[in-house]
Structures are given as C-alpha cells and as structure tokens.
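Peer 1: Once you've had a glance at the structure underneath, I'll fire off some questions.
The values are calculated or read from the model by the stated rules, or taken from the named source; none is laboratory data. Owing to the predicted nature of the structure, the values given are computational and were not obtained by experimental measurement. Note: ideal-geometry Cβ built from the backbone for every residue, glycine included; neighbour counts use all protein chains shown. For the accessible areas, the whole protein counts, side chains as well, though only heavy atoms, and no ligand, DNA or RNA atoms are used. Shrake-Rupley method; radii C 1.70, N 1.55, O 1.52, S 1.80 Å.
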Amino acid sequence: ASSTPKNLDASDITFETLTLKGLYTSGNVSLENTANTKNITVRNCIVTDFKTFMKIDQAASGIVILYENTTFERISQFILWTTAAMNKVVIRGCTVNASTCGATTNAAAALFRVRSGSLEAYNNTFNGDSKNTPGYFECIDGASVVMYNTFVNVTKFNYTLTFNNNLYLDGESNVLGSVPSGVSGTGVTPDTNIYASEAERAAGYAAFIG
C-alpha cells in the first residue's frame, strides 16, 4: 500500500540545482508517482537524508527517470524502488556515497531496487559499500547495464546486470587489475574490459557517447 501522498503528479517533472533533504530513518517513501507521471529528471542536485527517496509503484506506463550529475548520500534504505510502470532509469554522471547509506537494516534493500523497467548506469562514481544492504543494484530486466563507471572500495554489486568498461579501485584508490569477485551471481555478466586509470575510463566514455 502507498505510504505517502502520490506527489509526483505531473507528466514531466524536473528537480534541478537543489538540495533535497528528507527525514532519514524516521521518514518513509518521499516521492511517489501517479498515473500522470511520464518523465522525471533529477539534475545537479544533492539528495540526502532520505529513508526511501523515490518509489514508482502506481498504475502508469513507460516512465523514464534520469538522475544526472547528482550526489546521493545518507540514504537509509532505497534511492529508487520501482515495482510498476517503468520504462527505464538512467543514472549518469552521479556520485553515490554508499558508505554513508544503509542505516536501515534490510537484506533485500539494494540502493537501486529496479523491479520494473531497466537500469543504465554510465560515468558515475560509486564510493564504498552500503552498511546494511546487499549492494547497489537489484534488477530484473536483462537489458540493464553498468558501464564506464568508477567503483571505489566497492565489494557488493548485486544482480541481473551486464558490467563492462568500468574502473575498479581499492580503498586507497589503487587500481584493481581484475574484476572484483563481487561482480558475479544471478544474471550478472562481468566486464570483458576494465580500465587501468581514470583518464582511460573518461576517454572511453567520451568515445562511447561520441
């Protein structure tokens, strides 16, 4: 059942150059779609102190979410939780400080729990592991991809994703010469290519987007 007002009640919604701050563990779902929702953009924002930042669970169709150049930190449970109505979520150029997240213990609460639609993650920086959750991504759509990102001291990734062309660093920012063992499991295709420096990764992404 819905735990919040259905407050994303428009076809096209953009949050830009804002600090969006919630109630952390004492809150619940903060933003939720309606049947009118089609496109949601969060760009150049700081998103902090939410239990669940956004949930897509109401009857609609073909919703596209873009998180772009946005920092996520101190998310207690989910950054995004989708169960219906989605086309895809694209995460691009963001920083996710997962080591500050996960205050709510939930063995099923990947930060991006995408149970409707696909996930595409490009050119992001993912810092550390969430404290009490199984990892970053839970997807069910085999078209979901995680490419040209930088992972810093990350061991928990999750499932039904294709990884490729990422840069993996340890906790001291040393480059890992092989794909971490955590990039494995149900429906996971590990990288066939990884980068040896941030400059190489950035150049690869630039070539990818043309």
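Peer 1: Would you kindly derive the ³J(HN,Hα) couplings of the stretch 140-147 from the backbone phi angles with the Karplus curve 6.51 cos²θ - 1.76 cosθ + 1.60 (θ = phi - 60°), listing them in order in whole Hz, with x for Gly and Pro?
Peer 2: 10, 8, x, 7, 5, 9, 10, 9
Peer 1: I've got another one for you. Can you give the calculated 222 nm mean residue ellipticity of the chain, where each DSSP H run of n ≥ 4 adds -39,500 (n - 2.57) and the sum is split over every residue, rounded to the nearest 500 deg cm²/dmol?
Peer 2: Per the formula, -2000 deg cm²/dmol.
Peer 1: Also, quick follow-up: Which of the peptides 175-184, 136-145 is most tightly packed, and how do the rest follow, going by the mean number of other Cβ atoms within 10 Å of each residue?
Peer 2: Highest mean packing first, the order is 136-145, 175-184.
Peer 1: So for MET54, MET86, what's the accessible-area order with a 1.4 Å probe, most first?
Peer 2: MET86, MET54
Peer 1: Just to be sure I understand the model, the point goes 7 Å from the Cα along the line to the Cβ. What's the resulting SER178 to ALA199 distance in nm?
Peer 2: 2.7
Peer 1: Using a 1.4 Å probe on the protein heavy atoms, what percent of the accessible area of the chain belongs to carbon and sulfur?
Peer 2: On the chain, the fraction of accessible area on carbon and sulfur atoms equals 49 percent.
Peer 1: Given the alpha-carbon gyration tensor of the stretch 147-193, what are the semi-axes of its equivalent ellipsoid in whole angstrom, ordered largest first, with each equal to the square root of 5 times an eigenvalue?
Peer 2: 18, 11, 8
Peer 1: Pop out the ³J(HN,Hα) list for the stretch 86-93 in order, Karplus 6.51 cos²θ - 1.76 cosθ + 1.60 with θ = phi - 60°, rounded to Hz; leave Gly and Pro as x.
Peer 2: Once rounded to whole Hz, the list reads 8, 8, 6, 10, 10, 10, 9, x.
Peer 1: Once amide H atoms are placed 1.01 Å from N in the peptide plane, what residues at a sequence separation of 5 or more from VAL42, or on another chain, have their amide H within under 5 Å of its amide H?
Peer 2: Placed amide hydrogens put PHE15, LEU66, TYR67, GLU68 under 5 Å from VAL42.
Peer 1: Okay, moving on. Would you mind calculating the gained length between ASN132 and ASP12 on full extension (0.36 nm times residue separation, minus the Cα-Cα distance), in nm to one decimal?
Peer 2: Stretched fully, the ASN132-ASP12 segment lengthens by 39.8 nm.
Peer 1: Long-range amide H contacts for ALA10: which residues qualify at under 5 Å (H placed 1.01 Å from N, peptide plane, sequence gap of 5 or more or a different chain)?
Peer 2: THR34, THR37
Peer 1: Round to the nearest 10 and give me the degree value, 0 to 90, for the angle of helix 198-209's Cα axis relative to the longest principal axis of the chain.
Peer 2: Compared with the principal axis, the helix lies near 60 degrees.
Peer 1: Give me the log10 of I(q) over I(0) for the chain at q = 0.07, 0.08, 0.12, 0.13 Å⁻¹, as the Debye formula computes it from C-alpha points; what are the numbers?
Peer 2: With no solvent term, the Cα-only Debye profile gives -0.19, -0.25, -0.57, -0.67.
Peer 1: FRET efficiency for THR192 and ASN44, Cβ-Cβ distance as r, R0 = 35 Å, nearest 0.05?
Peer 2: 0.60
Peer 1: With a cut-off of 14 Å, note down the residues of the stretch 84-105 whose backbone N falls inside the zone around a label point 7 Å from the Cα of ASN69 toward its beta carbon.
Peer 2: 92-95
Peer 1: How big is the charge dipole of the stretch 103-208 about its Cα centre, in debye rounded to the nearest 20, if each Lys and Arg gets +1 on its Cβ and each Asp and Glu gets -1 on its Cβ?
Peer 2: 300
Peer 1: For the pair ILE140 and ASN36, how long in nm is the line joining their label points, each one 7 Å along Cα→Cβ?
Peer 2: 2.8
Peer 1: Show the residues, 5+ positions off or on another chain, whose built amide H is closer than 5 Å to the amide H of VAL188.
Peer 2: For VAL188, the qualifying residues are THR160, LEU161.
Peer 1: Which length gain, in nm to one decimal place, applies between THR25 and THR95 when the Cα-Cα distance is subtracted from 0.36 nm times their residue separation?
Peer 2: Length gained between THR25 and THR95: 23.1 nm.
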